[in-house]
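Bear in mind these aren't lab numbers, they're just calculated from the coordinates by the rules spelled out. As the structure is a computational prediction, the values presented were derived from the model and not from experiment. Backbone-built Cβ (ideal geometry, glycine too); neighbour counts: all protein chains shown.
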Amino acid sequence: MSSFGRWLSKGLVVAAATSMGLVSVAQAQEAPEKFKIGGVTALSGPYGLLGEDMRRGVQIAIEERDGKIMGVPIEVVWEDDETKPQTAVQKTTKLISEGSHMIFGAVSSASTLAIMNLTKQRKIPHLVTISADDKITVPGGSRYTFRTSNNLDMENRMAWAYTEEKQIKKIYAVTADYQATRDGWTWFKKKAEENGVEIVGEDFAPLGNRDYSSIVDKITKSDAEGVALFMTGSDVVTFLKQASQVNLSESKIIFGPVVADDTMAEAVGTGALGVNSGLRYHYTTDNPANKKFVDAYYKKFGEFPAMTAGEAYDGMSWWLDIVEATKSWDKEVWIDAFENSVRENSVEGKKTMRPCDHQASQPGYWGEVVEGTPPAPALTMKITNVFTEDKLFKACAQ
């Protein structure tokens, strides 16, 4: 049967059912008592700090709408995935069964990919604002998953650009033993070797590793000019604290695709000074939307928003604005609208959702940990470079 025939057949069935009082368009579009958001993120373990910041960002996005969408109260139920994919699926299944209209999360790319498979199967919108694995947004990956934050490819490209800028010729790499970070290091290593950069050492540490002393000792004794860190969260904090005990940053350039933000710098202390990193968001970005968000966040929490807070706020605000604009309670209508949307007033500048892969194209920020001047924290990130989106994203295949 042709697509028109299927449409006509379906229309006749609906019309007949309506005439019999079995269904009505009004009932199908009836507003719920609450707009339910299921939040699945790390609230404990190595990524727990990141997950808590995400909750804060979402909270501000909802509060600035007076807690409502299309006149309906917004309710968020948070679940801790413990940075475990199986747990993430269990918690997401629970949230969907309880009537969530969308799923938000997670931190870990492994958890996000697991959630993505479930939301695709259940046809539930899924918003990603921090997980960077490239497999999350591939052409034809999932109609229901969208990422409004960076992907690994753009972050690796920024890290490589920094390597070239600093003319680093010898690198020692430390990578969290986790698929997304391993993939990032694999890409970077290939790029380095193709351009004559020597890899003098590489180590893979388990997530949540507490002892980097032997790795730091090897790096200290090596002739590496740069130390590339493919890790994040508490793993970075632990590594840099132990590296600072031997003043590693005085003899090596420490950098990575996404290793540093103000939260990390505060946790590490002065040992974070000089660390260079890609930034998924920073509160100093100079535009009206970001100033408004930073003011609201600071008023509520008494501090400037961290990376994951900014990204969570930005993605959730974008999503809620699009849903509101549709004036519909049909999830498929939300999906169609979001995949063709542009966020002119993002806290990071203009973002454009790519229909081909549901990845937001956007500028990329690179920064360095420096001493802050009040009211900034004692240690803060200084944006040192902004990469335009045409340098970071391949065009969608036509």
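At-a-glance table
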item	result
Cα convex hull volume per residue for the chain (Å³)	143 Å³
Helix axis angle, 3-19 relative to the chain longest principal axis, alpha carbon, degrees	60 degrees
Amide H within-cut-off set for T384, under 5 Å, with H built and near neighbours excluded	W366, G367, E368
Contour excess over end-to-end distance, with Cα ends at D211 and R122 and 0.36 nm allotted per residue	27.9 nm
Cβ-Cβ FRET estimate between D336 and D286, R0 fixed at 35 Å, reported to 0.05	0.55
For A173, distant residues with modelled amide H under 5 Å away	G201, E202, D203, A228
In sequence order, calculated HN-Hα J values of the range 293-310 (Karplus, 6.51, -1.76, 1.60; Hz; x Gly/Pro)	5, 4, 4, 5, 5, 5, 4, 7, 10, x, 7, 7, x, 7, 3, 6, 5, x
Reachable lysines, given that their alpha-carbon falls under 17 Å from the alpha-carbon of K391 and they are not under 8 places away in the same chain	K191, K350, K351
Zone of K191's modelled label, taken as backbone nitrogen in the range 229-251 under 19 Å from a point 7 Å along Cα→Cβ	229-232
Net length gained if the chain between K170 and K382 were fully extended (0.36 nm per residue, minus Cα distance)	73.8 nm
Lysines whose Cα lies under 20 Å from that of K299, excluding same-chain neighbours fewer than 8 positions away	K291
Per-residue ³J(HN,Hα) for the range 80-90, Karplus 6.51 cos²θ - 1.76 cosθ + 1.60, θ = phi - 60°, Hz, x for Gly and Pro	8, 8, 6, 6, 10, x, 5, 5, 4, 5, 4
For L207, residues with placed amide H under 5 Å, excluding near neighbours	D177
Cβ charges +1 (Lys, Arg) and -1 (Asp, Glu), total dipole of the range 232-381, debye	120 debye
Largest-first ellipsoid semi-axes for the range 298-398, taking √(5λ) over the Cα gyration tensor eigenvalues, angstrom	31, 20, 8
Overall dimensions of the range 185-320 by Cα: Rg and Dmax, Å	17.2, 52
Cα-centred dipole magnitude for the chain, charges only on beta-carbon of K, R (+1) and D, E (-1), debye, nearest 20	980 debye
Derived scalar couplings ³J(HN,Hα) [the range 56-73; Karplus, 6.51 cos²θ - 1.76 cosθ + 1.60; whole Hz; x for Gly, Pro]	5, x, 4, 4, 5, 4, 6, 5, 6, 9, 6, x, 9, 9, 6, x, 9, x
17 Å reach of a label modelled at K327, 7 Å along Cα-to-Cβ, counting backbone N of the range 68-105	69-72
Volume in Å³ per residue [convex hull over Cα atoms, computed for the range 186-253]	87 Å³
The range 100-226: radius of gyration and largest Cα-Cα distance (Dmax), Å	17.5, 54
Ellipticity estimate at 222 nm from DSSP helix runs (n ≥ 4, -39,500 (n - 2.57)) divided over the chain, nearest 500	-13000 deg cm²/dmol
